[in-house]
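Participant: Have a look at this one.
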Amino acid sequence: MAGIVVRTVAFAIFLVAVALGSAPAQDRRVQHQPGQFDFYVLALSWSPSFCQDSEERGREAREQCGLGRPYSFVVHGLWPQYERGFPQSCQQPAPRLNRELMNSMLDLMPAPRLIYHEWDSHGTCSGLRPQAYFDLVRKARDSVKIPEAYATPKTTLTVAPAEVEDAFVKANPGLSHAGIAVTCGGTRLSEVRICLSKDLQFRDCPQIDRQACRRDKLLMPPVRGG
């Protein structure tokens, strides 16, 4: 009986050792350390969906959704990621952004509160100073071409998530279906999330890809008149 117990304990120890040995690298390093991550996700939000949702919920979003704001895809953020999970709020308190830098990003991220939030939550994990991080955000956005059909639609589009993925993959050589995810909020297209290496090359990202919307059809409300 004692021999059986010893063998059982030894086998349990062996299983733990195997599990630890096969754990992803990021599980063994200190989490939420600036600069310690594997890749970026560029999150492009479909602004008309955000604005319609805000109106329905009675939330005010004048900077992004007021008259004269004809936004289509806007940058939600450039998010450092682990292969599994992500770091967040890596410096507390976060280094302050100066107003001039914040204002310079309003063409891509059309709300001051969004810019401050993205820096505090995600930019601080990049290991970069504020100017370098937002320069990288702009460079990342410039590296992605928006398919012509989704540039400035004037009427509501009904699309399949796979159809949107196909269009982005076709418009961006090097991007694969395993490196992009279309997300949804209810029946509307919410975001297109594209995975990029630290030097902003397209790359696959299985965990992000698994988070894609599973609906057959989504609505894309039209760009609002300017």
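Every number here is computed from the coordinates shown, using simple stated rules; none is lab data. Everything numeric here is computed off the predicted structure, so don't read it as measured data. Glycine gets a Cβ as well: all are built from the backbone with ideal geometry, and neighbour counts include every protein chain shown.
Participant: What angle, in degrees between 0 and 90 and rounded to the nearest 10, separates the Cα long axis of helix 47-56 from the longest principal axis of the Cα atoms of the chain?
Facilitator: Helix 47-56 and the main axis of the chain meet at about 90 degrees.
Participant: If you don't mind, there's one more thing I want to ask. What distance in nm separates the simple spin-label points at Glu163 and Gln207, each placed 7 Å from Cα in the Cβ direction?
Facilitator: Here the modelled spin labels are 3.2 nm apart.
Participant: GNM, the chain, Cα, under 10 Å: largest mean-square fluctuation among Asp142, Asp209, Asp38?
Facilitator: Asp142
Participant: Is it possible to state the helix-based mean residue ellipticity at 222 nm for the chain, with each DSSP H run of 4+ residues giving -39500 (n - 2.57), the sum divided by total residues, to the nearest 500 deg cm²/dmol? What is it?
Facilitator: Working: 9 runs with 84 residues, N = 226.
After summing the helix terms and dividing by residue count, I get -10500 deg cm²/dmol.
Participant: State, as an integer percentage, the relative contact order of the chain based on alpha-carbon contacts under 8 Å between residues 6 or more apart.
Facilitator: This gives 26 percent for the chain.
Participant: What's the FRET efficiency of Arg215 with Gln33 using the Cβ-Cβ distance as r and R₀ = 35 Å, to the nearest 0.05?
Facilitator: E between Arg215 and Gln33, to the nearest 0.05, is 0.45.
Participant: Further question: On a 0 to 90° scale, report how tilted helix 2-22 is relative to the longest principal axis of the chain, with both axes built from alpha carbons and the result rounded to the nearest 10.
Facilitator: 30 degrees
Participant: Moving on to the next point. For the chain, modelled as a Gaussian network with Cα springs under 10 Å, which listed residue fluctuates most, Arg141, Arg59, Arg69?
Facilitator: Evaluated over the chain, the most mobile residue of the options is Arg59.
Participant: What does the charge add up to near Asp120, with Lys and Arg as +1, Asp and Glu as -1, over the other residues with Cβ less than 15 Å from its Cβ?
Facilitator: Charge balance near Asp120 sits at +2.
Participant: Using r as the Cβ-Cβ distance of Gln92 and Arg62, and R0 as 22 Å, what FRET efficiency do you calculate, to the nearest 0.05?
Facilitator: Details: r = 30 Å, r/R0 = 1.35.
It comes out at approximately 0.15.
Participant: Follow-up. Please work out the C-alpha center-to-center distance from the stretch 47-101 to the stretch 178-208 and express it in whole Å.
Facilitator: That distance is 16 Å.
Participant: Also, quick follow-up: Can you give the angle from 0 to 90° between the axis of helix 112-121 and the longest principal axis of the chain, with both taken from C-alpha atoms, to the nearest 10?
Facilitator: 10 degrees
Participant: If the cut-off is 20 Å between C-alpha atoms, which aspartates and glutamates fall inside it for Lys145, apart from same-chain ones fewer than 8 positions away?
Facilitator: Asp107, Asp135, Glu163, Glu165, Asp166, Glu191, Asp199, Asp204, Asp209
Participant: Rounded, prolate or oblate: which fits the stretch 30-220 when a ≥ b ≥ c are the square roots of the eigenvalues of the alpha-carbon gyration tensor, with rounded for a/c under 1.5 and prolate only if a/b beats b/c?
Facilitator: oblate
Participant: Under the rule of at least 5 residues apart or a separate chain, name every residue whose amide H is placed under 5 Å from the amide H of Asp38.
Facilitator: For Asp38, the qualifying residues are Gln81, Tyr82, Glu83.
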